[in-house]
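Reviewing the structure listed below.
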Amino acid sequence: MDTSLFRESLTNALRYWEKMRVVYNVILVLVVAGCFAWNHSALGSKLSVDVFLSIILCGILLNVLYCSAYIVDVLVQMSEFRERWSNLRWVLFSIGATFAAILTRFWSLSVFGPV
């Protein structure tokens, strides 16, 4: 394995995915805020420290899952598809963000949904 190619690929992946992490987290926050706003009248006494801690835990877990994109990205960059891949990263981001938004929505509705 060529260590200079690996280092370059990893650096390139870090530059791209860490910029996109901000967008990813904004999407997740909007999903949680939307579920909260949609069901705010049904919340009543459901809000507690445990609810907020579970929100933080969900955010941490989804950000750990986000890191799986690095594995795919670095491996593809080290292949012959490197040039084409730089224009298709957004597809992987879109699929991952959609998946995370769906998980977040289901989780948020279980927490903020009607009793």
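Across the range 10-21, coupling constants 3J(HN,Hα) worked out from phi with the 6.51/-1.76/1.60 Karplus curve, θ = phi - 60°, read 5, 4, 5, 5, 4, 4, 6, 6, 6, 5, 6, 4 Hz, and Gly and Pro carry x.
Dividing the summed helix terms, -39500 (n - 2.57) for each DSSP H run of n ≥ 4, by the number of residues in the chain produces a 222 nm estimate of -27500 deg cm²/dmol to the nearest 500. Amide H contacts of N39: none lie under 5 Å away among residues 5 or more positions distant or on a separate chain (H built 1.01 Å from N in the peptide plane; Pro and chain starts excluded).
Rule-based calculations on the coordinates, nothing more; no lab input. Just so it is clear, the structure is predicted and the values come from calculations on it, not from any experiment.
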